[in-house]
Amino acid sequence: MALVVTRERLPNAVLDDVSKAIIEQLQDDGRRPYATIAKAVGLSEAAVRQRVQRLIESGVMQIVAVTDPLQVGFTRAAMIGVRVDGDIEAVAEAMATLTEVDYLVITAGGYDILAEVVCEDDDHLLEVVNRHVRAIPGVRQTETFVYLKLRKQIYTWGTR
């Protein structure tokens, strides 16, 4: 299991040192028992459980199982760079609805949007790019970067 700390924090989501310590414990091991976390941060198990629930409900973090796409039947992953004419957020919103998109960011630089996709094979990737992404109004240009090998994937960047 992995802990993913979302980048969009709610205005009322203030993280104290204890909440940060809990997040760091879960980033290290998303299946770490509440009792173990409680000992590490100096709270009761019930208090840790409540804080984790609040962190999840507020959108500060989520706890998910991260899989290796190759081992679960998806043989093609890629990053798609998209240049947009017009409303970038509208295009990003449309792209976010695609089930193949697992990571999407609006960027500054050569591309307006970067989207990571996980597909069953090259035909599926072609369908996603050609029939779905390029069909979205406002998409001017795409460039697809096919992943050859995953060398590093971490979620333990800590908190600030």
May I ask you to say which residue of G59, G158 is exposed (fewer than 11 other Cβ atoms within 10 Å of the Cβ) and either among the acidic types (D, E) or closer than 30 Å to A21 by Cβ (or both)? G158
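What is the residue count in region 51-82 for residues that are assigned to a strand (DSSP E or B), farther than 21 Å from D28 by Cα and touching a helix residue (DSSP H, G or I) at 6+ places or on another chain (Cβ under 9 Å)?
Counting residues in region 51-82 that are assigned to a strand (DSSP E or B), farther than 21 Å from D28 by Cα and touching a helix residue (DSSP H, G or I) at 6+ places or on another chain (Cβ under 9 Å) gives 5.
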Within region 142-160, the residues that are within 27 Å of V84 (Cα to Cα) and touching an Asp or Glu at 6+ places or on another chain (Cβ under 9 Å) are V146, Y147
On the basis of being of a type outside the set (G, A, S) and surrounded by 12 or more Cβ atoms within 10 Å (Cβ to Cβ), does L148 make the cut? no
In region 63-105, what count of residues is obtained for those that are acidic (D, E) and touching a residue at least 40 places away in the same chain (Cβ under 8 Å)? 3
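Quick grid of which residues meet (1) at pLDDT 90 or above; (2) under 16 Å from H132 (Cβ atoms):
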position	(1), (2)
V66	no, no
V72	no, no
G81	yes, yes
D87	yes, no
V91	yes, yes
L98	yes, yes
G110	yes, no
Which listed residue is touching a strand residue (DSSP E or B) at 6+ places or on another chain (Cβ under 7 Å), closer than 14 Å to I136 by Cβ and surrounded by fewer than 12 Cβ atoms within 10 Å (Cβ to Cβ), from A92, A96: A96
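The values are calculated or read from the model by the stated rules, or taken from the named source; none is laboratory data. This structure is a prediction, so every number in the text was calculated from the model and none was measured. Quick reminder, even Gly has a Cβ in these numbers, built from the backbone with ideal geometry, and neighbours come from all protein chains shown.
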